Each structure stands twice: as structure tokens, then as C-alpha cells.
1. Shape call for segment 27-141 from the C-alpha gyration tensor, a ≥ b ≥ c root eigenvalues: rounded (a/c under 1.5), prolate (a/b greater than b/c) or oblate?
2. Have a look at Y371, I97, F213 and report the one farthest towards the positive end of the charge dipole of the chain, computed about the Cα centre with Cβ charges (Lys/Arg +1, Asp/Glu -1).
3. When a/c is below 1.5 the answer is rounded, else prolate if a/b is larger than b/c, else oblate, so apply that to segment 355-400 with a ≥ b ≥ c taken from the square roots of the Cα gyration tensor eigenvalues.
4. Below 8 Å, C-alpha to C-alpha, sequence gap of six or more: please give me the relative contact order for segment 186-298 in percent.
5. What value in Å³ per residue do you get for the convex hull of the alpha-carbon atoms in segment 378-478?
6. What Kirkwood hydrodynamic radius, in Å, does the chain give when the mean of 1/r is taken over all pairs of distinct Cα atoms and then inverted?
7. Give the accessible surface of the chain per residue, rounded to a whole number of Å², with probe radius 1.4 Å and ligands, DNA and RNA excluded.
8. R0 = 35 Å: FRET efficiency of D83 with E337, Cβ-based, nearest 0.05?
Amino acid sequence: MDILNKTVEEVASIARSGEVSVKEIAEQTINAIKQKDSKIKAFVHIDFDAVIKRSEELDAKKDKSGVLFGVPVAIKDNMNMKDTETTAGSKILSGYISPYDATVVEKLKNAGALIVGKTNMDEFAMGSSTENSAFFNTHNPVKPEYVPGGSSGGSAAAVKANEAIASLGSDTGGSIREPAAFCGVTGLKPTYGRVSRYGLIAFASSLDQIGPFGKTVKDTAIMLNAIAGFDPRDETSVQTEKEDFTELLGKDIKGKKIGVIKEVRDFELQEEVKNSFNDTVKALQNAGAIIEEVSIPHLKYALPVYYIIAPAEASANLARFDGVRYGLKVEGKDLRETYEKTRTEGFGTEVKRRILIGTFTLSAGYYDAYYLKASKVRRLISNDFEKAFSKVDALILPTTSTTAFKLGSITNPLQMYMNDIFTIPISLAGLPAISIPSGKDKKGLPIGMQLVGKWLAEKELLQIAYAVEQELGGKNGI
Ligand code: GLN
């Protein structure tokens, strides 16, 4: 039985019944990776022996009730997993072995998941194409000469290429949703604070959020069930009751109000993306939803605000990589020179650019003009969303304005930043959002649509996304 084209729910139930052993699932997964990954390059660190050993442990378990029992899951390489190399796509961390599990890894293990390996990413999650990885490029499984998106490009590609059933990524300004759209899989960024960041290598702490990729909306809902929840080790973790995120899937969405953002029209969209957006709006209407126009007047400031806030926080977070505590060390004649040499050699161009910008905007005399001002505008953007959500239950907009681009074709950083114009505003507001496949362009490249929910309203967001997915043809429709 071919396990890898199945959903999370199917694999877990097959493994639980013993119809196929977890060891056989592990072997199939390893074979698929051996066969495909020399071309796709989704994985950076993988230990086949450890995967087999873990599968044997799972087979020996009496309690097989975990929601992810026996399910092969890949994780982005910025999440710590005990005794594995964790590099966040950076040379500065090469050789660094995690001494502990991130909360999400612990939760995956408790849910019975078979963690298969660490996936490639843009260095410290800075990028939109995975081309900023210090190690190698990842290829889009749909068309290998195209990028998979980023920064969680490896995690999206692994699911699309059937090298894992589901995966985890992190999203600071779009890094789950954009690669999901480019690869044609489903990607969910939960509400900020919904999933613990403990053990996630920080990029911009007020924005970073871990979330799942899957083949279907339901797969991401089950994954969220496994990883969500309050964690006292993360100070921004939200105290919530335990919820079942699959509970509303399949319930009809008649009468739900869905907002279309007026200001999105000010941006140029690839023709096929525009058409796919219109089709998705029709799908929502067919499912009984009511479409209303809403306004996010400060939308156009989101990108500049993000590129003040994210680099500022990054410059502080990345100060710890100095050659003394983790990974790479390049010896100098004294401590200062060791710092300089290590950081010069260890960080890539984009990371250095952000450290420079961030250090500048946080420096005495400039803090008020930049970081403080950007934080105020961030609040205005949040307020816009709050106002919109007093009228509607969810928002719909394209995940990206174009489909995937060719590897090496974008060299201007500002042009690269533009990939996230529709995902960044939502990150600034801390809201949950999901990207689902909605069609293909003329070249056959996937298009993704983004649905945005109210703060902590993932259950309802997933209900709406599920309804759209069914209208558009489900897993096999696109
Ligand atoms: N592409 C954006 C950036 O480079 C977002 C990255 C992310 O969400 N981690 O910062």
C-alpha cells in the first residue's frame, strides 16, 4: 500500500490498526526521500537510522491513540530537536547539536508522530524563495526550475513531493503561506501566541509563529490539534482552553460574511491570480457565504513597517551568535576579532543586511523615528483589521500576487520583499490565516488563496477554508 499519497488521518488510522507497521511506513518514506530528494532538496539534515529506530519504538507501543500515530512529519530546521543538528539555514550554526526539544517537537512526539528530518530554509527565515539557505537551493516539486517559496520552502516542498505527509514551518511575515501557495499545498499560520515558540530559533519575536503544512485543510487542523496550547516557557503564549480544530469541518457556512479588501485592488496581480481569486469568491458564494467589501486603509504601510520591525528584532536576537556559544567559531587574535571573523564568515548577505538595518533603527536618536513610529503604524494596521472584523467573519485575498518565479531570477532584495505584500499585514496584526490551493497558471504552477480569521478563531477559519476546498474540488480537484 502506498502510504505517502494519503492524508494524516488515513495514515494514522492505518498505522493504528496495524494494517501497515510504522516501520514499513518509515521504510517507504526513506525510499521516497532517497529517490526524490537529490532533485528536490527539501531536507538538510536527516538520520535514517534514527527514523527506523523511532518507528520500531512506535510499533512496540501499547498506546497507539496519538492523533499523529505513525505519521511521517518533517520539520523546518529552525526548530530544536534533541540530539539533531539544527542550523536555521545558516553556516554560523553548522555543527550545532540541539540539547533539547522545542515544545512543538515534544508535542509531535507525544502525539506519536514519526519525525523524518529537518527541512531547508532561508537563513534565519529571512527570504521568500529558500535561495538564502547557506547550504543549497530547494526546488519546486511542481516544476524544478522554479523556487518553492520561502522561508519554509523545504517544508512545503517535502509535503508536495510526498516525502512526508505533513510538516511544520514558521511564519514571520508569510513564510508558511507563501511557500504553500507556490508549491500547491495548504499552509496555516495560527494566531500569534497559539503555538509555543519555545525552542524555535528567533527571527522577529513579536511576529514569529509556528504552523503546519498539509495536503488538505483537515490535515492542518489535525496538526494544529497536536501542536497548539499554552506553554509557560513562552512568555507570549496565550492561555486558551483545549480546542478540537476539526470540530466545525463540514458544517455549512451559510450566511457567513466574508470580506474582500478594497485596497488589494491597488496592487497589480498576475491575470491568472486575479481569475482564481474571482473563482474562489464564487466558490464561497456557492457555499452560501455573503461577500462584503471592507477597507484596510493602512495596508500599503505594512511592508515598510515590517522591514523596520523585523530587522530591529532580528538584530537583537542574532547578537547571541558570536562564536562563543554555538556552532561556528573563527579564531581571531582577541575576543573582538573572534566575534568579527565568526560573524563575517558565518552570516550570509541578507542576514547581514538586516542586522545592519536593525542596529541602525534601534540606535540612540533613531529609535523614536523608526522603531517607535513603525510600532505605532503597526497598531493602526491592527485597528483596521479589528474594524473590518466587526463586520465580517473572515477575509479573502490572494496569498501572493504572482505564482512561483524561476530560481535565480530575482536578485533585487526589494523585489523579493514584494512577494509578501499580502501576508505581512496579517502577521503584523497577529491574526490566523491559511493558504489553500485555488488553481494553476498557464505554466501549471499552483496559485494560493488566503483566508484570514479573527484573533484565536482558527476553528471558524478552518471551517470556512474547508468549505472552499470542497467547492474547489478537494484534495484531488486541483
Ligand atoms: N519573506 C519575509 C522576510 O524575508 C518573511 C519571512 C518569514 O515569514 N519568515 O522577512
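1. Prolate, since a/c reaches 1.5 and a/b exceeds b/c.
2. Y371
3. Details: a/c = 6.52, a/b = 2.24, b/c = 2.91.
In terms of gyration-tensor shape, oblate.
4. Relative contact order comes out at 23 percent.
5. Details: hull volume 11.1 nm³, N = 101.
Per-residue hull volume (Cα only) is 110 Å³.
6. Working: mean 1/r = 0.0452 Å⁻¹.
With all distinct Cα pairs of the chain included, I get 22.1 Å.
7. On the way: 18340 Å² over 478 residues.
Dividing the accessible area of the chain by its residue count gives 38 Å².
8. On the way: r = 33 Å, r/R0 = 0.93.
So the FRET efficiency works out to roughly 0.60.
The values are calculated or read from the model by the stated rules, or taken from the named source; none is laboratory data. The model shown is predicted, which means the values in this text are computed figures rather than measured ones. When we count neighbours, we look across all protein chains shown, and the Cβ atoms used for this are built from the backbone with ideal geometry, even at glycine. Remember, those area values only see protein heavy atoms, side chains included, never the ligands or the DNA or RNA. Shrake-Rupley method; radii C 1.70, N 1.55, O 1.52, S 1.80 Å.
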